[in-house]
Amino acid sequence: MNQTVSDFGMAKSFSENETEANTRRVVGTYGYMSPKYAIDGVFSIKSGVFSSGVLVLEIVRGKRNRGFTHPEHELNLLGHIWKLNKEGRSLELIDELIVKSCHLSEVLRSIHVGLLRVQHSPEDRLSMSGVVHVLEGDGALPQPKEPGFFTERKLIEENKKDIFHQ
């Protein structure tokens with residue numbers, strides 16, 4: 001049996017030929033669960049990739065995904081990182097506590113790889129061995145696609161109001 005971990009505390013066993021499973025009850029920490037698992041209860045070998053990608057991005061930014069706020073927009077941390085990365089402003093993401101003592105090229109690569117790990121579709125995410133491979137190398141990386149749970153709170157709140165007022 002091969003095991004995978006999603007959300008750093010919930011283990012799911014897979015038989016050798018399985019790549020995903022369905023669960024009856026979704027458990028885990030919001031902010032780290034992959035979209036497919038949180039919404040549909042579908043747990044895959046890429047669920048842990050998503051969770052660990054969130055963790056890497058939190059470390060680089062020095063902020064938690066859950067509860068993140070920014071004065072200029074209502075995006076969560078993943079949305080904020082995605083926005084700045086698309087604008088070519090990834091250097092602004094690095095936590096002030098580590099910026100002076102780090103190798104900027106390595107941290108920028110970690111941000112890029114972190115975004116590749118939190119892509120919405122599991123098929124687009126790197127495997128864990130792929131993560132190791134790209135972190136060890138210095139070659140070109142594919143462009144990340146939009147992350148899962150790239151949300152703007154204001155839109156979510158407006159949708160909730162619309163649903164409850166119908």
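The values are calculated or read from the model by the stated rules, or taken from the named source; none is laboratory data. In this text, all values refer to a predicted model and were calculated from it rather than measured experimentally. Reconstructed Cβ throughout: ideal geometry from the backbone, glycine too, with neighbour counts over all protein chains shown. Side chains are part of the model used for accessible areas, which takes the heavy atoms of the whole protein and leaves out ligands, DNA and RNA. Shrake-Rupley method; radii C 1.70, N 1.55, O 1.52, S 1.80 Å.
From the list Ser127, Ser101, Ser110, the lone residue that is farther than 18 Å from Met33 by Cα, at pLDDT 85 or above, among the hydroxyl-bearing types (Ser, Thr, Tyr) and within 16 Å of the chain's Cα centre (by Cα) is Ser110. Scanning segment 91-122 for residues that are in a helix (DSSP H, G or I), farther than 17 Å from Arg64 by Cα and touching a residue at least 12 places away in the same chain (Cβ under 8 Å) yields Leu91, Leu104, Val107, Leu108, Arg109, His112, Val113, Leu116, Pro122.
Report, by residue number, each residue of segment 130-157 that is open to solvent by 50 Å² or more (accessible area, probe 1.4 Å), in a loop (DSSP other than H, G, I, E, B), touching a strand residue (DSSP E or B) at 6+ places or on another chain (Cβ under 9 Å) and at pLDDT below 85. Walk me through it before giving the result.
The first filter runs over segment 130-157 and keeps only residues open to solvent by 50 Å² or more (accessible area, probe 1.4 Å), leaving 132-133, 135-136, 138, 140, 142-143, 145-146, 149-150, 152-157.
Right, trim to in a loop (DSSP other than H, G, I, E, B) and you get 138, 140, 142-143, 145-146, 149-150.
Subsequent filtering for residues that are touching a strand residue (DSSP E or B) at 6+ places or on another chain (Cβ under 9 Å) retains 145-146, 150.
The answer is Phe150, and nothing else.
Check whether at least one residue in segment 16-39 is modelled with pLDDT under 60, polar (S, T, N, Q), open to solvent by less than 60 Å² (accessible area, probe 1.4 Å) and in a strand (DSSP E or B), and report yes or no. Among the residues of segment 16-39, not one is modelled with pLDDT under 60, polar (S, T, N, Q), open to solvent by less than 60 Å² (accessible area, probe 1.4 Å) and in a strand (DSSP E or B), which makes the answer no. For segment 68-90, a tally of residues being within 16 Å of Val54 (Cβ to Cβ), assigned to a loop (DSSP other than H, G, I, E, B) and either without any contact (Cβ under 8 Å) to a residue 24 or more places away in the chain or hydrophobic (A, V, I, L, M, F, W, C) (or both) returns 1. Scanning segment 44-98 for residues that are modelled with pLDDT under 85 and touching a strand residue (DSSP E or B) at 6+ places or on another chain (Cβ under 6 Å) gives Ser44, Ile45, Ser47, Gly48, Glu74, Leu75.
Checked against (1) closer than 18 Å to Pro35 by Cβ; (2) touching a residue at least 40 places away in the same chain (Cβ under 8 Å), Val60 meets all criteria but (1).
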